[in-house]
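The values are calculated or read from the model by the stated rules, or taken from the named source; none is laboratory data. On a predicted model such as this, the values are computed, not experimentally measured, just so you know. No Cβ is skipped: glycine too gets one built from the backbone with ideal geometry, and neighbour counts run over all protein chains shown. Remember, those area values only see protein heavy atoms, side chains included, never the ligands or the DNA or RNA. Shrake-Rupley method; radii C 1.70, N 1.55, O 1.52, S 1.80 Å.
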Amino acid sequence: MRQAGRYLPEYRALREKHDFLTMVKTPELATEVTIQPIRRFELDAAIVFADILPLLGAMGLEVLFVKGDGPSIPHPIDSPADVGALAAPDPVETLSFTLDTLRMVRRELNGTVPVIGFSGAPFTLASYAIEGGGSKDYKKAKRFMHTEPKAWYQLMDKLAKAVGDYLRAQVEAGAQALQIFDSWAGILSPCDYREYVLPHTRRAINIARNGGGQQVPIIYFGTDTAGILPLIGELGADVIGVDWRIDLSVAWSQVGAVAVQGNLDPQVLLATPAVIERQAARVLDGVRGRTGHIFNLGHGIYKETPPEHAQVLVDFVHRYAGAPSATEEA
């Protein structure tokens, strides 16, 4: 479950003492938060505690995390000149705190479960950089994409290189898999995704994969992407994450011969244990007999989720996924 540690009581206790960015930039604290859900639940992997926006900070944009308001970029990209001013960061120099966290997590876990590193995708980072934060309609980002195409391609080219280099550095620091979060890709039409986004995301994946040294699986995840899944299948990722807005077997038929991750609605974890188990069984039954399914939520876990409900889900999936189906028993 993505970044599950952020909603455990142990995490909230740390947040009472430290602001979010301090925790991200302090490897000892970030390591503790990464490992907390592994101690609590029988999860099959740990995902490093980090955030996608410090990469924009490394490129020269001021990034603030305001309690209660979320991330903010006070001086967003507004012109081609702003794009030209962006730096090409060396992740070893500018994002060393997350790389150090990965090294510490690997030592602490000592091979018990693999460790996943991650980055935002070029489009999602571009959207934040232009909007100055989150948005409901992403009008500024779309307007810039359509009215300043040369600057848009320059921005996406810079971001693709920065994302790819950062992911490659995470592998060198100990990440055993990588996840690319394209949280806002679902706002795009298929033709706009193909023209303005796909080539740059594919380039980021190629840089991450072909930098030499160890090769690790790469997961691509976006929300509300049912309309562009065939295009996502062209990215070259090893695993495609799918949210709950489409049947998992239908999604799999559209993305091709890759592994698929998902796709329980995280809201289900606010229901009763019986509902949680029934909904999880539905997901698992839909792909039973196929290899390459990674059970996960269709997005991040809600902070209101009782840890006991997460425990119900984890225990049920381990128990039910290994049980034979009615057809196999017959």
(message) For a quick check of your reading: which helices (runs of 4 or more DSSP H) sit entirely within region 204-298 and have at least 3 residues that are open to solvent by 50 Å² or more (accessible area, probe 1.4 Å)?
(response) 248-255, 273-286
(message) Among (1) closer than 20 Å to P76 by Cβ; (2) in a helix (DSSP H, G or I); (3) under 16 Å from the mean Cα position of the chain (by Cα), there is one condition F181 misses while meeting the rest; what is its number?
(response) (2)
(request) Of the conditions (1) out of contact with any Phe, Trp or Tyr (no Cβ under 8 Å at 6 or more places or on another chain); (2) part of a helix (DSSP H, G or I); (3) modelled with pLDDT of 95 or more, E10 clears all except one; give me its number. (result) (3)
(request) Out of D44, D51, report the one residue that is of a type in the set (D, E), under 21 Å from H299 (Cα atoms) and open to solvent by less than 40 Å² (accessible area, probe 1.4 Å). (result) D51
(request) Return yes when I207 is over 17 Å from the mean Cα position of the chain (by Cα) and farther than 22 Å from S189 by Cβ and no when it is not. (result) yes
(message) Given the criterion at pLDDT 95 or above, open to solvent by 30 Å² or more (accessible area, probe 1.4 Å) and acidic (D, E), identify the matching residue among D90, D69.
(response) D90
(request) For region 154-177, indicate whether the set of residues that are open to solvent by 10 Å² or more (accessible area, probe 1.4 Å) and in contact with a His (Cβ under 7 Å, 6 or more places away or on another chain) is non-empty. (result) yes
(request) Look at P114 and say whether it is under 23 Å from N210 (Cβ atoms), modelled with pLDDT of 95 or more and open to solvent by 10 Å² or more (accessible area, probe 1.4 Å). (result) yes
(request) Test S127 against the criterion of being at pLDDT below 95 and closer than 25 Å to T147 by Cα, and give yes or no. (result) no
